[in-house]
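The values are calculated or read from the model by the stated rules, or taken from the named source; none is laboratory data. This structure is a prediction, so every number in the text was calculated from the model and none was measured. Counting neighbours? That spans all protein chains shown, and the Cβs are built from the backbone with ideal geometry, glycine included.
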Ligand SMILES: Cc1cc2nc3c(=O)[nH]c(=O)nc-3n(C[C@H](O)[C@H](O)[C@H](O)COP(=O)(O)OP(=O)(O)OC[C@H]3O[C@@H](n4cnc5c(N)ncnc54)[C@H](O)[C@@H]3O)c2cc1C
């Protein structure tokens, strides 16, 4: 093995860490000598959803511009990661490859194989933390086991040494010229449907500078009211940093320390720790992505209901808060957390459609689609996860709407056909008097659908389905067919 000389380049292999600040791999490589920044779109790992791929395209564009401004070309390549790394090593004479640790099981396994193959080639490799606040295996119960309940997990995080201070952007970056790469468009990340990306572009500015702006704006404007406003979809009261965290245009350490500088918002830090907790579960529970953690759910009588699924996806269930959420998701690639819970509950408990079908739709349409948070949240809502909301607690979409969107402003924004309806009936338009509907220009069943089911009946059906899944034997209950 050749000893690394001061001028031997290091390859910084970027993936979901598309920033220059608080980037340990980049800082370490820059301290050793020239840097080859490389992004590989590896088709052999599980594909990402459409909206997240759009966000990736934007983040790569911004990262490329930030690096170019410092005289470093970002090398983009598509193909098998190991082949491309070997190719770029041969082209540059690099003796060191460094990257940020990934946690998705398939990607982590690939990275471990790549690290050992490169070491056999005589190449030094190093991986660094940056995606989470705490490494999943570092937070342990007194007995040394993993946590399966959130509250003690978060207590253990607060008791642990705090996340290290974020690193500044390295000042001494030197690049290597002439490394061949693809164009960003050649990676084909932007979905072909013309309309969809336009809505996403109107809603989001993705890149490191945009993420820092968003963090500054949130801490200055909304952090103090977060505890009360965070549940109100009609108020811009949350940080909307989730897509940035997902693609790594900001690091959770940068957020943690910014919140601390603003006097610490414990509620906000608690929420960010849900993200760490989700990955804590995903990395340590085999089959967590595909199987209910509570095994009694293995015999849950999910319904096959393509029409119900389509109505839910299109925001046409007839329950305005659910439909507004699903349309917000389609139009902007994001949905408010409270509404994610209501819409997800409607799918699994009212429609009795398998949570995995909901998780798949979210994974394709969310700009923040994140394997850890999405899987853990769907298992939580379905009542089958580690720290699950009890299945028998079934959200009433009308009451949830009235409580969290009291004037109906959120519903009006995403369901223009109800925009002129009186607030008293905005969450149950089917009950509005005919003359009021006429004045608001609403024709039930024509301009806006009647509810696809009756919530009170659906609730009874869900409870019967739960009873069946908990019982040892027997046929699915008859009430499971109530609305078929
Ligand atoms: C069914 C369902 C699916 C979800 N899928 C995803 C997903 O794919 N990706 C994703 O990032 N979040 C997911 N969430 C969690 C949550 O809805 C979003 O993180 C949040 O709405 C993002 O908006 P924000 O950045 O304004 O949040 P804020 O309220 O500002 O919270 C700050 C950060 O904390 C983290 N966070 C907050 N709540 C949660 C939570 N319940 N679980 C995990 N992390 C959380 C996020 O990283 C978020 O950016 C899901 C929730 C539900 C109920």
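Kindly check whether there is at least one residue in region 88-106 that is free of Cβ contacts under 8 Å to residues at least 40 places away in the same chain, touching a strand residue (DSSP E or B) at 6+ places or on another chain (Cβ under 6 Å) and within 26 Å of residue 61 (Cα to Cα).
Step one: filter region 88-106 for residues free of Cβ contacts under 8 Å to residues at least 40 places away in the same chain, giving 90, 101.
Subset that is touching a strand residue (DSSP E or B) at 6+ places or on another chain (Cβ under 6 Å): 101.
So of that shortlist, the ones also within 26 Å of residue 61 (Cα to Cα) come out as 101.
Yes: region 88-106 contains one or more residues that are free of Cβ contacts under 8 Å to residues at least 40 places away in the same chain, touching a strand residue (DSSP E or B) at 6+ places or on another chain (Cβ under 6 Å) and within 26 Å of residue 61 (Cα to Cα).
Of all residues in region 450-472, count the ones that are surrounded by fewer than 18 Cβ atoms within 10 Å (Cβ to Cβ), part of a loop (DSSP other than H, G, I, E, B) and under 32 Å from the mean Cα position of the chain (by Cα).
So the count comes out to 2.
Could you list, in sequence order, the residues of region 4-43 that are in a loop (DSSP other than H, G, I, E, B), under 30 Å from residue 200 (Cα atoms), touching a residue at least 40 places away in the same chain (Cβ under 8 Å) and out of contact with any helix residue (DSSP H, G or I) (no Cβ under 7 Å at 6 or more places or on another chain)?
Residues of region 4-43 in a loop (DSSP other than H, G, I, E, B): 4-9, 15-23, 33-34, 42-43.
Now drop any that are not under 30 Å from residue 200 (Cα atoms), which leaves 15-23, 42-43.
Filter once more, keeping what is touching a residue at least 40 places away in the same chain (Cβ under 8 Å): 15-23, 42.
Those that are in a loop (DSSP other than H, G, I, E, B), under 30 Å from residue 200 (Cα atoms), touching a residue at least 40 places away in the same chain (Cβ under 8 Å) and out of contact with any helix residue (DSSP H, G or I) (no Cβ under 7 Å at 6 or more places or on another chain): 15, 17, 23.
Being part of a loop (DSSP other than H, G, I, E, B) and closer than 26 Å to residue 105 by Cα is the filter here, so list the residues in region 249-284 that pass it. Spell out the reasoning first.
Pass one, region 249-284, residues part of a loop (DSSP other than H, G, I, E, B): 249-251, 262-265.
If the condition is that a residue be part of a loop (DSSP other than H, G, I, E, B) and closer than 26 Å to residue 105 by Cα, then 249, 250, 251 are the ones that fit.
Filter region 349-379 down to the residues that are near the ligand (Cβ under 7 Å from one of its atoms) and outside any helix (DSSP H, G or I), then identify the one that is surrounded by the fewest Cβ atoms within 10 Å (Cβ to Cβ).
368
Which ones in region 408-448 are part of a loop (DSSP other than H, G, I, E, B) and over 33 Å from the mean Cα position of the chain (by Cα)?
Listed by number, the residues that qualify are 420, 421, 422, 432, 433, 441, 442, 443, 445, 446.
In region 146-162, which residues are surrounded by 13 or more Cβ atoms within 10 Å (Cβ to Cβ), in a loop (DSSP other than H, G, I, E, B) and either free of Cβ contacts under 8 Å to residues at least 40 places away in the same chain or assigned by TED's automatic domain parsing to the domain that holds residue 376 (or both)?
160
Within 24 Å of residue 66 (Cα to Cα), at pLDDT 95 or above and not assigned by TED's automatic domain parsing to the domain that holds residue 385: which single residue out of 182, 234 fits that description?
182
Looking at region 207-222, which of its residues are part of a loop (DSSP other than H, G, I, E, B) and within 13 Å of the ligand (Cβ to nearest atom)? Steps first, please.
Initial filter on region 207-222 (part of a loop (DSSP other than H, G, I, E, B)): 207, 222.
Once the filter is applied, which keeps residues that are part of a loop (DSSP other than H, G, I, E, B) and within 13 Å of the ligand (Cβ to nearest atom), region 207-222 yields only 222.
Condition (residue is in a helix (DSSP H, G or I) and near the ligand (Cβ under 10 Å from one of its atoms)) applied to region 223-238: is it met by at least one residue? So that I can check it myself, show each step before the final result.
Start the filter on region 223-238 by keeping residues that are in a helix (DSSP H, G or I), which leaves 226-229.
Still in the running and near the ligand (Cβ under 10 Å from one of its atoms): 226, 229.
Yes, there is a match, as at least one residue in region 223-238 is in a helix (DSSP H, G or I) and near the ligand (Cβ under 10 Å from one of its atoms).
Does residue 206 count as farther than 30 Å from residue 144 by Cα and modelled with pLDDT of 95 or more?
Working: farther than 30 Å from residue 144 by Cα: yes; modelled with pLDDT of 95 or more: yes.
Considered against the rule, which asks whether it is farther than 30 Å from residue 144 by Cα and modelled with pLDDT of 95 or more, residue 206 comes out as yes.
Let's see how each residue does on (1) surrounded by fewer than 22 Cβ atoms within 10 Å (Cβ to Cβ); (2) at pLDDT 95 or above; (3) in contact with a helix residue (DSSP H, G or I) (Cβ under 6 Å, 6 or more places away or on another chain):
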{"site": "344", "(1), (2), (3)": "no, yes, yes"}
{"site": "404", "(1), (2), (3)": "yes, yes, yes"}
{"site": "426", "(1), (2), (3)": "no, yes, yes"}
{"site": "432", "(1), (2), (3)": "yes, yes, yes"}
{"site": "436", "(1), (2), (3)": "yes, yes, no"}
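Given the criteria out of contact with any helix residue (DSSP H, G or I) (no Cβ under 8 Å at 6 or more places or on another chain) and in contact (Cβ under 8 Å) with a residue 40 or more places away in the chain, does residue 177 qualify?
Numbers: out of contact with any helix residue (DSSP H, G or I) (no Cβ under 8 Å at 6 or more places or on another chain): yes; in contact (Cβ under 8 Å) with a residue 40 or more places away in the chain: yes.
So residue 177 fits the description; yes.
Mind counting the residues in region 330-342 that are more than 23 Å from residue 228 (Cα to Cα) and surrounded by 24 or more Cβ atoms within 10 Å (Cβ to Cβ)?
Qualifying residue count, region 330-342: 1.
Would you be able to say whether some residue in region 249-266 is touching a residue at least 12 places away in the same chain (Cβ under 8 Å), more than 15 Å from residue 215 (Cα to Cα) and within 15 Å of the ligand (Cβ to nearest atom)?
Within region 249-266, none of the residues are touching a residue at least 12 places away in the same chain (Cβ under 8 Å), more than 15 Å from residue 215 (Cα to Cα) and within 15 Å of the ligand (Cβ to nearest atom).
Scanning for something assigned to a loop (DSSP other than H, G, I, E, B) and more than 27 Å from residue 151 (Cα to Cα), does region 381-403 turn up at least one residue? Steps first, please.
So the first thing to find is which residues in region 381-403 are assigned to a loop (DSSP other than H, G, I, E, B), and the list is 383-396.
Now drop any that are not more than 27 Å from residue 151 (Cα to Cα), which leaves none.
The answer is no; no qualifying residue exists.
Taking residue 144, is it on the phi > 0 side of the Ramachandran plot and away from the ligand (no atom under 12 Å from the Cβ)? Break it down stepwise before answering.
Numbers: on the phi > 0 side of the Ramachandran plot: yes; away from the ligand (no atom under 12 Å from the Cβ): yes.
Here the answer is yes, as residue 144 does meet what is asked.
Considering each residue of region 125-145, count those that are under 20 Å from residue 293 (Cβ atoms) and surrounded by fewer than 17 Cβ atoms within 10 Å (Cβ to Cβ), and give that number.
Looking only at that region, the number is 5.
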